[in-house]
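The values are calculated or read from the model by the stated rules, or taken from the named source; none is laboratory data. Remember, it's a predicted structure, so these values are computed and weren't measured experimentally. Glycine gets a Cβ as well: all are built from the backbone with ideal geometry, and neighbour counts include every protein chain shown. Areas reflect the complete protein model, heavy atoms only, side chains present, ligands, DNA and RNA absent. Shrake-Rupley method; radii C 1.70, N 1.55, O 1.52, S 1.80 Å.
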Amino acid sequence: MKWKIGKVEIDNQVVLAPMSRECNSSFRRIAKLMGCGLVETEMISATAIKYNNHRTQEMLYMTDYERPISVQLFGSDCESFRIASRYVYDKVKPDIIDINMGCPVRKVAIASKAGSALMKNPDTAHDIIETVVETVDVPVTVKIRSGWDENNINAVEIAKVVEDAGASAITVHPRTRDQGYAGKSDWSIIKKIKDELSIPVIGNGDIKSCYDAKRMIDETRCDAVMIGRATLGNPWLIRECIDYLDYGIEPREVTLEEKIEMIKKHTELFLDFNDETLAFRRFRNLISHYIKHFPYNHDLMSKLFKTNTKEDLFRLLDDYYVKLNQK
């Protein structure tokens, strides 16, 4: 089902979450290959952009194949967001800019007073959103949590601030900052926000299957679902959710051969924009998400972390597949 954020048309109701260290261009292109309607960059520091940080420049790399794409920024002051959003808009022309008001990690929420810390400061949150809306000529969205802790659940209040400040959509992850990624997300908060707002609401949290995605939409009436950690090593979940939501098609089992071919595809895409020697230090962790679900994988996993080239990795996978079929 097609829907819109501002004037940006999105082909289906599945959105890829902006996972830190995971949502680089290669993974986003895999998500698009699976049909994902909207992808996001990993969370990028507005302050780092302001000071032209090299790693941040790498994080902004994207291809036209990934569109529509949203760049997610985090920070704690209007000036940094103004500079960063203008820079991002001018440099890479994203379709959407997203403001992170949900990150729970200590170095962001506590040390930097950014991410979910902004939910404790509605006036600051409003000013930041308004600043970005006035700075760029693309839709601005915001991602929030249910609140700081169980005694400070203010997602509905903040959601109204988000809409009032001019945002075009909101994503709700209904866990508190204290919960992090533990415990169960409270989908009823998504429904309360959907009932109160006129802008699109994207639901996030505990979607591990296409049936979860359908249940979230049915229970909360949210406009789309955002899927994150469950796609690591299993990008087919994106396609399964789209097929089930749009056509009622039940998922089928993905074969081991398909999984190995996907690892190879992911590797090729990753090396499009990374030096091979440096790339494998970071890339092996991404590959491990696929391999951890393989049968008899202990030896394969240990050898994975000794690979340094594409040829090494492909040979390792091919040998594993041959030996497995001999069992």
With springs connecting C-alpha atoms under 10 Å apart, model the chain as a Gaussian network and identify which of 287, 153, 110 has the largest mean-square fluctuation. 110
Over the Cα atoms, compute the radius of gyration (one decimal) and Dmax (the largest Cα-Cα distance, rounded to a whole number) for region 140-189, in Å. 10.9, 32
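Rounded to the nearest 20 debye, what is the charge dipole size of region 247-305 about its Cα centre when +1 sits on each Lys and Arg Cβ and -1 on each Asp and Glu Cβ? Intermediate results must be reported in sequence, preceding the final value.
Working: 9 positive and 10 negative charges, 58 e Å.
Dipole of region 247-305, to the nearest 20 debye: 280 debye.
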Treating only the Cβ of Lys, Arg, Asp and Glu as charged (+1, +1, -1, -1), what charge dipole size does the chain show about its Cα centre? Round to the nearest 20 debye. 860 debye
Placing one identical point scatterer on every Cα of region 48-120 and ignoring solvent, what is log10 I(q)/I(0) from the Debye formula at q = 0.16, 0.27 Å⁻¹? -0.59, -1.28
At 7 Å along the Cα-to-beta-carbon direction for both residue 253 and residue 113, put a label point, then send me their distance in nm to one decimal. 5.5 nm
In region 123-158, the GluC sites (Glu not before Pro) that fall in loop regions by DSSP, at most 15 other Cβ within 10 Å: 150
Who wins for biggest fluctuation among 112, 288, 26 in a Gaussian network model of the chain, springs between alpha carbons below 10 Å? 112
Considering the options 148, 16, 290, tell which one lies farthest towards the positive end of the dipole of the chain, charges being +1 on Lys and Arg and -1 on Asp and Glu at the Cβ, about the Cα centre. 290
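When the solvent-accessible surface of protein heavy atoms is calculated with a 1.4 angstrom probe, in what order do 175, 239, 229, 281 fall, highest first?
Numbers: 175 5, 239 80, 229 130, 281 155 Å².
Result, largest first: 281, 229, 239, 175.
Tell me, what is a quarter of the convex hull surface for the C-alpha atoms of region 158-316, in nm² with one decimal? Write out the running numbers ahead of the final one.
Working: hull surface 48.3 nm².
Average of the hull's projected areas for region 158-316 equals 12.1 nm².
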Cα extents of region 96-154 along the principal axes, largest first, in whole Å, come to 36, 22, 17
If you place +1 on the Cβ of every Lys and Arg, -1 on the Cβ of every Asp and Glu, and leave all else neutral, what size is the dipole of region 1-102 about its Cα centre, to the nearest 20 Debye? 140 debye
Of the convex hull drawn through the C-alpha atoms of region 71-214, the volume per residue in Å³ is 111 Å³
Given Cα pairs under 8 Å that are at least 6 residues apart, what percent is the relative contact order of the chain? 14 percent
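Run through region 230-307 and list the GluC sites (Glu not before Pro) located in a DSSP loop whose Cβ has at most 11 other Cβ atoms within 10 Å.
Values: sites: 240, 253, 257, 258, 261, 268, 276; in loops: 253.
Passing both the DSSP loop test and the Cβ count: 253.
Out of every Cα-Cα pair in the chain, what percent are more than 32 Å apart?
Numbers: 15269 of 53301 pairs.
Here the long-distance tail beyond 32 Å is 29 percent of all Cα pairs in the chain.
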How would you classify region 1-136 from its alpha-carbon gyration tensor, with a ≥ b ≥ c the square roots of the eigenvalues: rounded for a/c under 1.5, else prolate if a/b is greater than b/c, otherwise oblate? prolate
In nm, spacing of pseudo-spin labels at residue 318 and residue 77 (7 Å Cα→C-beta vector): 5.6 nm
If one puts a single equal scatterer on every Cα of region 135-226 and applies the Debye formula without solvent, what log₁₀ I(q)/I(0) results at q = 0.12, 0.25 Å⁻¹? -0.34, -1.28
In terms of the charge dipole of the chain, which places +1 on Lys and Arg and -1 on Asp and Glu at the beta carbon, the residue among 128, 167, 307 farthest towards the positive end is 307
Going by the alpha-carbon gyration tensor, a ≥ b ≥ c the square roots of its eigenvalues, is region 224-270 rounded (a/c under 1.5) or, if a/c is not under 1.5, prolate (a/b greater than b/c) versus oblate? oblate
Tail beyond 15 Å, pair distance distribution of region 8-86 (Cα, percent): 54 percent
